[in-house]
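S.K.: I'd like to ask you about the structure that follows.
What follows is calculated from the coordinates using simple rules that are stated; it is not laboratory data. Source: prediction; values computed, not measured. Using ideal geometry, Cβ is built from the backbone for each residue, glycine included, and neighbour counts are taken over all protein chains shown.
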Amino acid sequence: MFSKGVSDVYIHRGKQAVLQTTYLKECINKGLLPFIEKYHHNGNYLFWPDLASAHYSNLVKERLHEKSVPLVARQDNPPNVPQARSIETVWALLERKVYENNWEAKPFGCISSTDQAEGKRI
């Protein structure tokens with residue numbers, strides 16, 4: 001599931017943004033909570049998501065509260081601070097890798113397994 005203390009990337013296959021139920025199931029329950037249990041069970045962490053609506057839905061906030069996961073409050077979470085969110089580094093690296101050879105976007109089903117594996121490697 002995790003390698004070297006870095007969580008797996010969840011790739012959402014859909015035409016719309018991730019819904020709160022999908023985010024809760026795939027990212028929080030299957031990703032974040034096991035990651036915290038394995039690597040940060042001492043409680044010395046702070047969950048700082050970006051400002052996507054699903055990240056701050058009542059459903060997600062209730063689950064995080066239930067599991068005593070400290071969360072940066074939405075009003076304290078400034079937009080456009082990529083230095084504070086490591087996922088922004090992942091997106092920048094992925095974007096650079098994807099477009100380095102004049103790549104053009106294709107529907108997700110057309111992306112080769114090699115390209116998908118490269119995305120996981122990053």
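S.K.: If Lys and Arg each add +1 and Asp and Glu each add -1, what is the summed charge of the other residues whose beta carbon sits under 12 Å from the beta carbon of H55? Write down the numbers at each step before the final one.
M.R.: Numbers: positive: K61, R63, R74, R85; negative: D50.
Net of charged neighbours comes to +3.
S.K.: Counting only pairs 8 or more places apart or on different chains, how many lysine pairs in region 1-79 have C-alpha atoms closer than 16 Å?
M.R.: Going through region 1-79 pair by pair, I get 7.
S.K.: OK, next. What order do you get for 83-89, 41-47 when each peptide is scored by the mean count of other beta carbon atoms within 10 Å, highest first?
M.R.: 83-89, 41-47
S.K.: Tell me, what HN-Hα J-couplings in whole Hz come from the Karplus equation 6.51 cos²θ - 1.76 cosθ + 1.60 at θ = phi - 60° for each residue of region 40-53, using x for Gly and Pro?
M.R.: Result, rounded to whole Hz: 9, 5, 6, x, 8, 7, 9, 7, 10, x, 7, 8, 4, 4.
S.K.: How do 18-25, 74-81 rank on mean C-beta neighbours within 10 Å, highest first?
M.R.: Result, highest mean first: 18-25, 74-81.
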